[in-house]
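Worksheet for the structure shown next.
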Amino acid sequence: MSKRTIDEVEAGAPVVDKASKKKSKKEKKEKKEKKSKDVPVTQPEDTTPAVEGSETPAEEKKKLSKEERKALKKAAKAAAKAATSESTTTTPEETGETTPATSESPAPTLSKEERRALKKAAKVAKSSSSIPATNGASSTAKVAISTENYTQSSELTDVPQATIDAYMKEHSITITDPHNLNFRPITNFSYLPPNSFDFSKFEAPTPIQAATWPFTISGHDCIGVAETGSGKTLAFSVPAIRHIYSLLEKNSGKNTKSLGVRVVVVSPTRELAMQIFEVVEKFSTEAGLTAVCVYGGVPKDDQRRLLKRAQVVVATPGRLNDFIDEGSADLSKVSYIVLDEADRMLDKGFEDAIRKIIGSTPKTGRQTLMFTATWPQSVRELASTFMTSPVKISIGDRDELRANTRIKQTVEVIDQRGKEQRLLQLVKQYQSGSSANDRILVFCLYKKEASRIESFLRSRGYSVAGIHGDLSQVQRTQALANFKSGKCPLMVATDVAARGLDIPAVKMVINVTFPLTIEDYVHRIGRTGRAGATGIAYTFFTEHDKAHSGALVNILKAANQEVPESLLKFGTTVKKKEHGAYGAFYKKTEGAPAATKITFDD
Ligand SMILES: Nc1ncnc2c1ncn2[C@@H]1O[C@H](COP(=O)(O)OP(=O)(O)OP(=O)(O)O)[C@@H](O)[C@H]1O
């Protein structure tokens, strides 16, 4: 439990009866003799947990002498100043946004009186019997939370702590929070701050939405890791729109057009960018905002024109950088940036493009979010260089690579030459009779291979859609639309379709050739079993893929799937994945603050 701070005390320490006041006086005298030089650790300045039924700050201050109040004020100022000067996230004057100071801020140098007042205030707070643990996830009493951009709803505060604990445990939610905030998960849409979002088609927020929203809405950097198909898009889209709302509130009088681009979401593929855009555009339009999707393979003119008046941009890195280079994209006011499929975006192939995009946004006053289903060690160090004291939230044990457990995985060790016939058998078996229109997604590794498999299936009478890099964007978009609508329930794709695509009711994924990385395997099979559904995945494994056998065995075991003997024969050693710049091992940043890690796994 973190120490209570001056902010918390000012925000509302509880009523103190005479007896405790007397005791407090006595303790104060004893402490005074000890002359301790310690100063309580400061909390982030926008974190002001108030205790239910507590006093107002003014009432609380009455309990201190005039000099003590004065010293207290001075101490608070000094603490705030020290915290602000340490924090790398500063407030853009224009928006007046929150500046989350970090718990790593050093204790300021205080005078003797200030220290005394601070101690007294801390003691007054401590002497109350109704002070809960300050960590919302594990405390035993109700805590009302209020920060500049987020106030926990009173209904959520009223939820019994046992219910919150049960929710955290049921969904294996792990929050690593360097700020020691006490946010409860937003387990019901009605607990969100007032908004005009239409959530009517959903019952409740998914765990990644529930757990990240308080942190993202309140303006903190955040890494969200949750299984494929778990609703990460809404997890970052809802706070994105709220972010602009709060900018508008703070800039009342300004119209939306003069805001410029404030929100950027970057995605690794064009199709995923378009899919995210569909979600974001709906919310943006409802809020009277303009969103634009910027991606390659299509003419630039329309995108360029929309960029001039957009507040929200969803983009693939290449095209966005083109626009930055030609001066059509001004990212100098961006204050909310999301890397979706963050580990892919930080991978070698995209790293430079991402550096350039992030480098075009303001260094300070920017909220940076990263979302993914896979979070390999190899990218964590690099990620931290783009973020300020991020809160890390994972659903399930995601420090180790995990596949969605609702997907039934079957691995068949096979001879290279037998792949086509086995593929045909499976398609026949799963697309027959009443299941004739069930969607099957077939993954290949290479574009040429995808074309060949597509032709092969077509030659056997199947209507097949294809999506890979050798096709024009128009062909790709059409193929995906046909697959989504069910017009063409069989699609052959390369890894361009592996990540993020949310295609309704894909019954089965077949990996004809194993992907380049084990993370891609998890993403590929994650095209099925989405939003709580079940799914099936078949993977052909050959001698050529043996470097992946150990990692694949681990994935299968962790998801309680059968591990074939024939796969074990290839060995169980897992090769560490390396990042060119950071090597195979993630090294903790020297001097980083110890974060609070709350794990609810059994
Ligand atoms: N609260 C909710 N309740 C039920 N379904 C939801 C909820 N939020 C989102 N969904 C649906 O869940 C599906 C998957 O969501 P989404 O595509 O955001 O998953 P994801 O976590 O980003 O997956 P991936 O890791 O594959 O990118 C979508 O169809 C979306 O509409």
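Throughout, read-outs are computed from the coordinates displayed, never taken from laboratory work. The shown structure was predicted, so the numbers you read here are calculated from the model rather than taken from an experiment. Reconstructed Cβ throughout: ideal geometry from the backbone, glycine too, with neighbour counts over all protein chains shown.
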Report summary line: Summing +1 per Lys or Arg and -1 per Asp or Glu among the other residues with Cβ less than 14 Å from Ala465's Cβ gives +4
Query raised in the report: Taking the highest mean first, how do the peptides 275-288, 211-224 order by number of other beta carbon atoms within 10 angstrom per residue?
Result: 211-224, 275-288
Query - Those trypsin sites (Lys or Arg not before Pro) in the stretch 372-470 that DSSP places in a loop and that have at most 14 other beta carbons within 10 Å - result: Arg460
**Report entry** Charge tally in the Cβ shell below 14 Å around Phe277, where Lys, Arg are +1 and Asp, Glu are -1, Phe277 excluded
**Finding:** -3
Query raised in the report: Thr151 to Ser258: extension gain in nm, 0.36 nm per residue of separation minus the Cα-Cα distance?
Result: 35.7 nm
Requested in this report: Find, among the chymotrypsin sites (Phe, Trp or Tyr not before Pro) in the stretch 414-447, those assigned to loop by DSSP (not H, G, I, E, B) with at most 16 other beta-carbon atoms within 10 angstrom.
Outcome: Tyr446
Requested in this report: Filter the cross-link list Lys169/Lys348; Lys448/Lys546; Lys484/Lys557; Lys308/Lys447; Lys448/Lys557; Lys282/Lys333 down to pairs whose alpha-carbon distance in this structure exceeds 27 Å.
Outcome: Lys169/Lys348; Lys484/Lys557; Lys308/Lys447; Lys448/Lys557
Query raised in the report: Kirkwood hydrodynamic radius (Cα pairs, Å) of the stretch 154-395?
Result: 18.2
Report task. Grab the other residues whose beta carbon is less than 12 angstrom from that of Gly526, score K and R as +1, D and E as -1, and report the net. Result -> +2
**Report entry** Antiparallel DSSP beta bridges within the stretch 154-395, percent to nearest 5
**Finding:** 15
Report summary line: Here the residues of the stretch 278-308 lying in the modelled label zone of Val474, meaning backbone nitrogen under 14 Å from a point 7 Å along Cα-to-Cβ, are 297-299
